[in-house]
Amino acid sequence: MSEQDAGSGVSLAGRCFIVTGAANGIGRACAIEAARHGATVTLADRDEAGLAATAAEIESMSAEACTVVTDVTEESQCARLATAACERFGRLDGAVLAAGIARQVPFLEMSREQWEQMLEVHLTGGFLCLRETARILVRQRQGGSLVYIASSVAAGLGPLRQAHYVAAKAGALGLVRAVARELGPYAIRVNAVAPGFTRTDLNTGLFSDEDVRQREANTPLGRVAEAGDVADAVMFLLGDSSGFMTGQTLHVNGGTHMP
């Protein structure tokens with residue numbers, strides 16, 4: 001165990017995880033942290049160049065990763081991802097589901113296509129990846145941990161111009177609880193991490209600097225989250241210290257929402 005592992009209380013040595021949305025943002029941070037804590041990681045995203053960059057950083061730490069270009073809305077690609085991860089490393093211990101998109105559209109102007117695209121990525125994509133990973137974990141009979149970046153603060157606060165995003169995130173919360181109940185007898189834990197506004201390329205392209213400053217001013221801890229803040233919570237849920245937690249949501253938002 002590395003000095004960092006000993007200090008954080010998390011060791012993932014010898015474990016193998018899938019991380020979706022691994023080309024950037026929260027997914028990328030989770031993949032790198034999992035590798036830093038000893039895991040081997042299968043990286044999934046539609047962005048092939050971004051995947052390669054994440055893999056290169058992990059390999060620079062003398063850790064092991066492989067990449068599988070994946071569109072999580074495609075059922076066959078999710079099945080291929082889970083199978084490839086298991087075949088590459090000989091086992092699977094779980095997954096971090098972080099694939100996502102961000103859009104702002106006033107509700108009265110929202111098209112059915114925009115609505116369905118958001119639900120396809122955030123809810124259907126999560127369902128498909130959960131199911132395909134869980135099928136392998138059940139066959140292995142060795143338990144596992146599934147972490148869904150599912151229920152952002154948006155699900156609780158309902159921000160403007162994001163009705164489709166809010167609906168998808170709220171649905172993901174219910175999905176996590178239902179799946180956790182069904183998979184508990186197999187010693188497979190299913191939990192969610194609920195980030196507040198997080199400084200990522202996706203968000204900085206969607207929100208102005210003034211928006212970010214306002215969010216910082218409205219956050220009790222005085223800043224917005226960095227991707228690493230979310231990754232730290234995910235590492236806890238992947239590791240043994242959370243071994244009696246399932247169907248739960250960890251809120252990582254600096255105090256902006258206290259459910």
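The values are calculated or read from the model by the stated rules, or taken from the named source; none is laboratory data. This structure is a prediction, so every number in the text was calculated from the model and none was measured. Cβ sites come from the backbone with ideal geometry, for glycine too, and all protein chains shown count toward neighbours.
What do you reckon, is ARG135 at pLDDT 95 or above, assigned to a helix (DSSP H, G or I) and not aliphatic (A, V, I, L, M)?
yes
Restricting to the stretch 202-231, and then to whatever is buried (at least 18 other Cβ atoms within 10 Å of the Cβ) and at pLDDT 95 or above, can you tell me which residue is nearest to VAL19 (Cα to Cα)?
Applying the filter and picking the extreme gives ALA231.
Only one residue in SER62, SER76 is free of Cβ contacts under 8 Å to residues at least 12 places away in the same chain, under 25 Å from LEU175 (Cα atoms), surrounded by fewer than 17 Cβ atoms within 10 Å (Cβ to Cβ) and not basic (Lys, Arg). Which one?
SER76
Please work out if PHE244 is loosely packed, with under 15 Cβ neighbours inside 10 Å, at pLDDT 95 or above and in contact with a strand residue (DSSP E or B) (Cβ under 9 Å, 6 or more places away or on another chain).
yes
Hey, does the stretch 127-148 have a residue that's aromatic (Phe, Trp, Tyr) and in contact with a strand residue (DSSP E or B) (Cβ under 7 Å, 6 or more places away or on another chain)?
Yes: the stretch 127-148 contains one or more residues that are aromatic (Phe, Trp, Tyr) and in contact with a strand residue (DSSP E or B) (Cβ under 7 Å, 6 or more places away or on another chain).
For the stretch 47-59, give me each residue that is buried (at least 19 other Cβ atoms within 10 Å of the Cβ) and more than 24 Å from ARG91 (Cβ to Cβ).
Within the stretch 47-59, just GLY50 meets the criteria.
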